[in-house]
Structure formats: structure tokens, C-alpha cells
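Q: Below you'll find the structure I mean.
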Amino acid sequence: MLRKYAILLAAVMALAWSSTHASPEDDRMAFEKYFTTKFPEVPLNDFQNGIYSVDPVARADWEQIEEFPPYELAVDAGEAEYNKPFANGKSYSDCFGDGAVRAQYPYWDSERREVITMELAINECRTDNGEKPLKWNKGKIAELSAYMSYISRGQAVDVKIPEDDPEALAAYERGKQFYYTKRGQLNFSCFDCHGTGAGKGVRLEKLSPALGHTTHWPVYRSKWGAVGTLHRRFGGCNRQVRAKNFKSQGQEYRELEYFLTYMSNGLELNGPGARR
Amino acid sequence: MKKYAISGLLVLSLVAGGASLAGDEFEAAWQAADDKRKEAAGMQSEWRDTKKMLDKAKQAAEKGDIDTAMSLVAMAHEQAADGIVQAEREAVMWITRVPR
């Protein structure tokens, strides 16, 4: 009995050692290999299509839906909002130029010592210009994000973890630990569903692989009847395993986004997306 | 007659005293469960329904249904404690799931 535990403990410690010595790039390559090995028939750049990369039946529906994309209205609304001047005469373009900036987010801000997401930057652009911040999960912020993602299509995901800044690496590592940690009454980690469980079903729904999970946000979900942000989805996934969700744009979800987006480095941005 | 009135008073005060004793016990149990919940939250391991149970327990107690209130508090306390054990285990085990 004791010996069994000793062996297990030694194994965990060896894993811990080798993993703390894995660089983010080692992590990313192993992550990618995990999914390309599991789904050898799926071309790498198809993973950004989520569940539709591994579920041919759902894919047929989706391809039809994409002929009249349900997020189109949101993109238009976002464009109008983007070009509307603030009360002080400035506008979003004073913060984001032409707005095709999705690939620059999320990033580590070495001065502020935190991860900055695009939605956070949108609200800071507003408050810096004397406007009220928007609600995080849906509505105007998701529409602005939809427009900015739309005009950023085709750019490659390129999250950077500055090597000269150990705090950036620590933020990445916290996001990584979050991803693999079991939570909630049902005791699931993100990876239990979107890694080990990818391609399998829960109830009527199949589970999408985690590779490419961040490339297409915000998403129009039929269930939401509107576009919603990535952090809204994070919250929903936490709650469905009966864990308390964390605050949208709080430290936990921003660092989770930092890790998860890094895992998709090199894939093409294709937001906004349409999902069930 | 007087005798009855006195014993009646006695019974009344006993019931009232009993109720407030149960009330104190409830308050203490509720606080202990809520502290545990916060401890779990501090470890990023609070469960979804724990706070709801504690809110419902308060409502039941206000209606005087101490039995329901106490059993909800016990459930919430157990959830919070389980969340803490889960976080302690996961602090070691998470790394075993990372693809390499």
C-alpha cells in the first residue's frame, strides 16, 4: 500500500519536474500533436472550426448557416458603433487605428503586469475618453468585438510571452494550471471535456477539441440568440460542471485566455463564428 | 388559575428561549459554512450552488423552519469542504493531464 503511494508520488514529482521545465513552445507543440494524433483526418487549419472539424453531421448544417451568417447584423452594428464619435470628438480609431487588431490580443503588458484582452482594451478606450464602460458578456461589446474580429480575419494567432519577463510566464502558467484543474461538483477540468473527451458526446452534443478554441470569437450562438464573448463561454463551461464561474475579464479568465490562445498560435483568425 | 397562568408563562418562555437558542445555533452554523465557502473560493474551488443553499437556508430560518435551514447549511458546508479537498488534490494532480 505505502509502496504504491511512494511510486505514485515519485511519478507525479517527475511529471511536475519535467513540466515545469517545459517551455510554452514545448507545451504548444505537444498540445497540437495531441489533437493532430487524435484526429489524423482533420487538417490543422480546420481545428479553428471547433466542433465542425470533427462532427460531419453538424458541419453540414453549419455550412448552410454560414451562407447567411447570423453574426452579420452584429458585425454591421459593431462597425457603426466603431465609427461613431465619442462625446469628446474622439473615437475607437484613436485607440485601435483601422480596428483590424485582433491578432495583437491577448498580450502581456509589462508595465501594468497583467494580461490585456481586446474586450478590456475596448472598455478602457471608452473610459479613457470619458464614456461609460460596457457590460462584458454581450451586447455592444460583443458587436464591436465581432466587427474588429471580422476585419482581422486571415491574420495568424500570435500570442507572445516575453522571455525577459518571468511574471508573464507566471501568468501563462497560472492559465495553464487553471485549464487542467478539475473543478465543481461534477469534478471536470476543461481538458477532460475538450481534450480527453473531444469528439465524444455529452447528452446530444459532441465536444469540440481545444485546439483552435479561441480563433473565432465572439460567437453567435443560437442558444444565446446573439453574439457573446469568449469569457461568457468560459463562465458557461464552468457552471455546467457546477463550479462557480469567475468574473468576466477578471484575472483568472484573462490568464486562461492567454494560455489557451497561445495554444492556437499559428492558426488563422476566423471570427466571428456561428455555433449552436 | 394563577398557577396555570404561571406555568403557561413558563412554557411560553421556554419555547421562545428554545427558538432563540436554535436561532443562535443556526447563525453560528451558517457563518461557519459561509467561511468555508469563502475559503474554497480563495482556492478557486467554490461550487456553483453553495451560495444558493446558504441564501435558501437564511430564508427558511426567517420563516422559522429551522430544520430545513439547518440541513441546507449542512449541505453547503459539506460542498465547501469538498471543494477545498478537491483544490488540494488538484494542486498536485493537474499536471498529470498536460499533454507532453
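Values quoted throughout were computed directly from the atomic coordinates according to the rules given, and no laboratory measurement underlies them. Worth saying up front: this structure is predicted, and the values here are computed from it rather than measured. Here the Cβ is made from the backbone with ideal geometry for all residues, glycine too, and neighbour counts use every protein chain on show.
Q: Find out how many positive minus negative residues lie around B:P99, taking Lys and Arg as positive, Asp and Glu as negative, among other residues whose Cβ is under 14 Å from that of B:P99. Working shown, then result.
A: Working: positive: A:R28, A:K33, A:K38, A:K176, B:R97, B:R100; negative: A:E25, A:D26, A:D27, A:E32, A:D192.
Residues near B:P99 contribute +1 overall.
Q: Along the Cα-to-C-beta direction of A:L73, a point sits 7 Å from the Cα; which residues of region A:208-232 have their amide N less than 15 Å from that point?
A: Flagged as within label range: A:220-228.
Q: If you plug each phi of region A:246-259 into the Karplus form 6.51 cos²θ - 1.76 cosθ + 1.60 with θ = phi - 60°, what whole-Hz ³J(HN,Hα) values come out, in order, with x for Gly and Pro?
A: The phi angles translate into 9, 5, 4, 6, x, 4, 4, 6, 5, 6, 5, 4, 4, 5 Hz.
Q: For the pair B:A91 and A:S110, how long in nm is the line joining their label points, each one 7 Å along Cα→Cβ?
A: Once both label points are built, they end up 3.2 nm from each other.
Q: Which FRET efficiency value, to the nearest 0.05, is calculated for A:E41 and A:E66 with the Förster distance at 22 angstrom and r the Cβ-Cβ distance?
A: So the FRET efficiency works out to roughly 0.55.
Q: Counting Lys +1, Arg +1, Asp -1, Glu -1, what net charge surrounds A:P133 among other residues with beta carbon under 9 Å of its beta carbon?
A: On the way: positive: A:R126, A:K132, A:K135; negative: A:E124, A:E131.
Once positives and negatives cancel, what remains is +1.
Q: Describe numerically, in nm with one decimal, the distance between label points set 7 Å from Cα along Cα→Cβ at A:E268 and at A:T127.
A: For the pair A:E268/A:T127, the computed spacing is 3.7 nm.
Q: Could you give me D for region A:196-276, from Stokes-Einstein at 25 °C and 0.890 mPa s, where the hydrodynamic radius is the Kirkwood radius over C-alpha pairs? Units µm² s⁻¹, please.
A: Details: Rh = 13.5 Å.
In µm²/s, the coefficient is 181.
Q: Tell me, in nm to one decimal, what length is gained between A:A22 and A:C237 on full extension, where the rule is 0.36 nm per residue of separation less the Cα-Cα distance?
A: Details: separation 215, 0.36 × 215 = 77.40 nm, distance 2.74 nm.
The span from A:A22 to A:C237 would gain 74.7 nm if fully extended.
Q: Working only with C-alpha atoms, what are the Rg and Dmax values of the protein assembly as shown, expressed in angstrom?
A: Cα-based Rg and Dmax for the protein assembly as shown come out at 25.5, 94 Å.
Q: Between the alpha-carbon centers of region A:71-136 and region A:161-192, tell me the distance in whole angstrom.
A: 26 Å
Q: Tell me the net charge near A:A80. Cut-off is 14 Å between Cβ atoms, A:A80 excluded, with +1 for each Lys or Arg and -1 for each Asp or Glu. Before the final figure, lay out each step's value.
A: Values: positive: A:K84, A:K140; negative: A:E72, A:D76, A:E79, A:E81, A:E143.
My count for the surroundings of A:A80 gives -3.
Q: Compare A:L230, A:L186, A:L211 in a GNM of chain A, Cα atoms joined below 10 Å, and give the one with the largest fluctuation.
A: Judging by the Gaussian network model, the answer is A:L186.
Q: Further question on the same structure: Check the cysteines of the protein assembly as shown one by one and keep only those with no other cysteine Cβ under 4.7 Å from their own.
A: Result for the protein assembly as shown is A:C190, A:C193, A:C237, no neighbouring Cys Cβ within the cutoff.
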